[in-house]
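Read through the structure below, which is laid out as structure tokens, and then see the notes.
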Amino acid sequence: MSDRRGPDHRAGKIMTPDEIVGRLESGMTLGIGGWGSRRKPMALVRALLRSGVTDLTVVSYGGPDVGLLAAAGRIRKLVTAFTTLDSIPLEPHFRAARERGAFELVELDEAMFMQGLTAAAQRLPFLPIRAGLGSDVLRVNPLLRTVTSPYDDREELVAVPALRMDAALVHLNRADRFGNARYLGPDPYFDDLFCEASDTAYVSCEQVVDAGRLAEHAAPQTLLISRHTVTGVAETPKGAHFTSCVPDYGRDEPFQRAYADAAADPESWAAFRARFLAGGERDYHLAVQAWHKEQR
């Protein structure tokens, strides 16, 4: 059967979410792109939940990716600047896991986190930054060090260690078969740094397009991800749900609220997990559609 999208679509680095997760191993340091409850690679996270991969060090501007992995007991250590659902300030599964001491937490200022990604992308052991000086981040993270400028100013700066990762998962609006990818919304969310700072990187996207079409009607800066950093590409329509992937779709606020409410007690969460997370990706979206019809 011919593919109407052309032969360009099927070759290259195209993989399924399960094939991507099949390359991950327990004990890895895993970066997850996006920001809070915005453009998270949720289809890949759900595939990860269906696998046996565990004991992860997760590096993320955290959202429901962290929450789902925490609820499943897959995190050994979390490196983050925050873990939020945006319209719901604190991710409920993250909060519950921290309250019971389920994993080690490394807290960084948002700018420090970005500097750690940049250091790793540039293959440096650390980068200096002023952020964090005079704040409690140095108190709650005693492993952080300061350095003195070697120049005449002799300024004291925070030395942010490189956030080097074994693998990264990111979600973009469009990608080609080679691994080049672009975002169409208002913010890159540092997904390029996640890919550059990782030994392997996997891109899920709303649509795989022919390479020649990727730059159509795009501002140059939206061509965010370069193929040399990418190991695999998966086409996952609505693959960021229930987080936003603007302009393709916004955050599913009613469903996010249902997710957060279900986290309140074990029985409710077991029912949510059985309905929405027990099957594959198609099962998930069909269950979400049925749930929305019930709310009318």
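None of the figures in this text is laboratory data; all of them are computed from the coordinates on show. Quick caveat: nothing in here was measured; it's all calculated off a predicted structure. Methodologically, a virtual Cβ is constructed for each residue, glycine included, from the backbone with ideal geometry; neighbour enumeration extends over all protein chains shown.
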**Report entry** Net charge dipole size for region 166-233 [Lys, Arg +1 and Asp, Glu -1 on Cβ; Debye, nearest 20]
**Finding:** 240
Query raised in the report: All other residues with a Cβ under 12 Å from the Cβ of Ala162 taken together, and with Lys, Arg as +1 and Asp, Glu as -1, what is their net charge?
Result: +1
Report task. Treating only the Cβ atoms of Lys and Arg (+1) and Asp and Glu (-1) as charged, compute the dipole magnitude of region 70-185 about its Cα centre; round to the nearest 20 debye. Result -> 540
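Let me have the 222 nm mean residue ellipticity of the chain computed from DSSP H runs of 4+ only, each contributing -39500 (n - 2.57), with the sum over all residues rounded to the nearest 500.
Numbers: 10 runs with 87 residues, N = 296.
Helix contribution divided over all residues of the chain: -8000 deg cm²/dmol.
How many percent of all Cα-Cα pairs in region 1-147 sit more than 25 Å apart?
On the way: 3970 of 10731 pairs.
Considering region 1-147, 37 percent of its Cα-Cα pairs are separated by more than 25 Å.
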**Report entry** Histogram of C-alpha separations across region 35-78, 10 Å bin width, %
**Finding:** 29, 63, 8
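Report, in debye and to the nearest 20, how large the dipole of the chain comes out about its Cα centre when Lys and Arg carry +1 and Asp and Glu carry -1 on their Cβ. Before the final figure, lay out the partial values.
Numbers: 35 positive and 39 negative charges, 125 e Å.
About 600 debye.
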Report task. Please go through region 89-191 and write out the trypsin sites (Lys or Arg not before Pro) that DSSP classes as loop and that have at most 15 other C-beta atoms within 10 Å. Result -> Arg100, Arg123, Arg130, Arg154
**Report entry** Rg [Å, one decimal], Dmax [Å, integer] - region 68-138, C-alpha atoms
**Finding:** 14.0, 36
Report summary line: A correct Karplus calculation of ³J(HN,Hα) over region 49-63, with 6.51 cos²θ - 1.76 cosθ + 1.60, θ = phi - 60°, whole Hz and x for Gly and Pro, returns 5, 7, 8, x, 5, 8, 6, 8, 9, 9, 10, 6, 6, x, x
Requested in this report: Taking 7 Å along the Cα-to-C-beta vector as the label spot, tell me the Ser268-Leu223 distance in nanometres, rounded to one decimal.
Outcome: 4.8
Query raised in the report: Computed over the Cα atoms, what is the radius of gyration of region 84-234 divided by 2.2 N^0.38 Å, N being its residue count?
Result: 1.24
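Express the Stokes-Einstein translational diffusion coefficient of the chain in µm² s⁻¹, to the nearest whole number, given a Kirkwood radius over alpha-carbon pairs, 20 °C and a viscosity of 1.002 mPa s. Kindly include the intermediate steps, with their values, before the conclusion.
Numbers: Rh = 19.8 Å.
For these conditions, the coefficient is 108 µm²/s.
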Query raised in the report: Over region 155-296, with a single point scatterer placed on each C-alpha, what log10 of the ratio I(q)/I(0) does the Debye formula yield at q = 0.14, 0.22 1/Å?
Result: -0.79, -1.24
